[in-house]
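To keep things clear, I will list the structure first and then write my remarks on it.
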Amino acid sequence: MTDAISRSEAIYALVQAEVSTDSLEQQFSAVVDLMELERPSALAALAEASDLIESDFWSTSGMEFDLAVANPELVGFAPARVFEGASTSGAGLTSSPKKALRSDPPKDAVASTGVLESSADPDIALAKRHLRIRHAFSSLAFMVVLLLVALVGARIFGATPPVRYVAISVDGAVSTIETRGRNVSDALAAANVELGKHDRVLPSASAALTGETNVRVLRSFPVLLDFDGTTRRIQTTRKSAEALSRELALGAAVVTSAPKRLSAGAAVTLRTPHSITVQADGSSRTLSTTELTIGEALFASGVVLGANDEVTPPVGSVMAEGLTIRVTRLAQGERAVLVAVPAGEERRNDSSLDVGATRVIRSGVNGQNRIVYRVALRDGVEASRQAIRTEVVVAPVARIVAVGTRSVRRSASSGAGAPAAMGNSHSESGQGTHYAFTSSSCAHKSLPFGTVVRIINTNSGASTTCTIRDRGPFASGRIIDMSLDTFARIAPLSQGVIPVRIEW
């Protein structure tokens, strides 16, 4: 009761003060803080204080009161507060310890003052009535104060939100809480749920609570993300790789590797697709690929590279939009070629024949060889070759020619053993070549054997002589075949064929 009276006195003093509305609101807030009560409890406490004061008053209705307290005008002196069981003496009142309510006053106190009389005394009855009227007005004023305080509190603090029951799901674990909070953040605080830096809450923390609000808290977890070859660890609340890609705003990136449902430690691979052109094996095609390198793109498109194939750009190059890749097939192998082998000629001395005369003993037969080459191919076209071996298919058969050795008539001026040289009245121009034959001998198609001819190299002017001992040559444009030593005197053997003029 004492606490209630103290509270009511504090509120009454607050109302009696001549202050502005804003100051009144501030003081009311201070009083509530002083009582260390929550806003709803503060209003309840004020109502309780009012009930205690009114109960305290009416509990005294069966007691005798000092007339000076009940109605000061009747006795002509200032009022003084009288406690239960108070005693009087002389010109004033002296307080004594409180006694039980509704106890009768001591008889000696009534006798000594002559003021207190029986309750039937008209003055006493009038005093009681005045006191009840004053109390009624005081109660009315106090209720007005309570209403004013309630209105001021509502203005300051707003209406108290209703109690709501909110279901909160944290990673699938659901619990229901009771709260007077205004938004999702208040509900999470009431449930002692703290959000991590990367956690996500649905609806948002600032969303207002309604009677049907259900709150979902999604805890973040780490995943290993490989985006176009760059790997990093990130925190996410997304449960699928596609949702993660949208969250990170990775544009046209597609998922090439990921579990169906993401969880802590999951590995996710995202790639950006590129449009490229592949030229290989005689065809060109455009395709879209998510591979990182040219080699990976070729493999994924079904182009198998050989060990020696040439790729432009190189297979290790990073993929780029609009790239053209050319594959050149490089191959090495062996290729065999059949070639004819000349029969050759074997010359044998025959004393039955004059010098310069010849006779074919055996006709020659050309042979045939297989030459094997190592060849390099670029896209199937031969780029180079190198002979690595020769195989004999048909061995050549040499022609055998008998060469006369019998002496012939000599010219006196030529000296012993020297062939007679004819006058230089005849000449012929054409090509000359060499072949294996008797020293200082040559072959002509029609000149008689033993004819000595002069051979002049028309390129250098060098000249020499030889004796016609054979027939030939039979190639177009050639007029004479010379023995190796004869040819060497007018030109290097490496030249093979030279322009000549012969004279006889």
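Each residue in the stretch 285-329 was checked for being assigned to a loop (DSSP other than H, G, I, E, B), under 15 Å from Pro273 (Cα atoms) and among the acidic types (Asp, Glu), and 2 of them qualify. Consider the stretch 336-360 and keep the residues that are among the charged types (D, E, K, R) and within 30 Å of Val393 (Cβ to Cβ). The one that is surrounded by the fewest Cβ atoms within 10 Å (Cβ to Cβ) is Arg348.
Surrounded by fewer than 15 Cβ atoms within 10 Å (Cβ to Cβ) and either in contact with a helix residue (DSSP H, G or I) (Cβ under 7 Å, 6 or more places away or on another chain) or closer than 29 Å to Leu323 by Cα (or both), is that true of Gly265? Quick ask: steps written out before the conclusion?
On the way: surrounded by fewer than 15 Cβ atoms within 10 Å (Cβ to Cβ): yes; either in contact with a helix residue (DSSP H, G or I) (Cβ under 7 Å, 6 or more places away or on another chain) or closer than 29 Å to Leu323 by Cα (or both): no.
No: the conditions fail for Gly265.
Just to be sure I understand, how many residues within the stretch 160-218 are of a type outside the set (Val, Ile, Thr), within 23 Å of Ile234 (Cβ to Cβ) and in a strand (DSSP E or B)? The number of residues fulfilling the criteria is 4. Here the condition is being of a type in the set (A, V, I, L, M, F, W, C), in a strand (DSSP E or B), under 21 Å from Glu391 (Cβ atoms) and more than 60 Å from the chain's Cα centre (by Cα); of Ala336, Ala340, it holds for Ala340 alone.
Scanning the stretch 455-472 for residues that are within 22 Å of Thr405 (Cα to Cα), modelled with pLDDT of 90 or more and not acidic (Asp, Glu) yields Thr465, Cys466, Thr467, Ile468, Arg469, Arg471.
Screening the stretch 278-335 for residues that are in contact with a Pro (Cβ under 9 Å, 6 or more places away or on another chain) and surrounded by 15 or more Cβ atoms within 10 Å (Cβ to Cβ) and picking the one that is farthest from Ala376 (Cα to Cα) gives Thr290.
The values are calculated or read from the model by the stated rules, or taken from the named source; none is laboratory data. Owing to the predicted nature of the structure, the values given are computational and were not obtained by experimental measurement. When we count neighbours, we look across all protein chains shown, and the Cβ atoms used for this are built from the backbone with ideal geometry, even at glycine.
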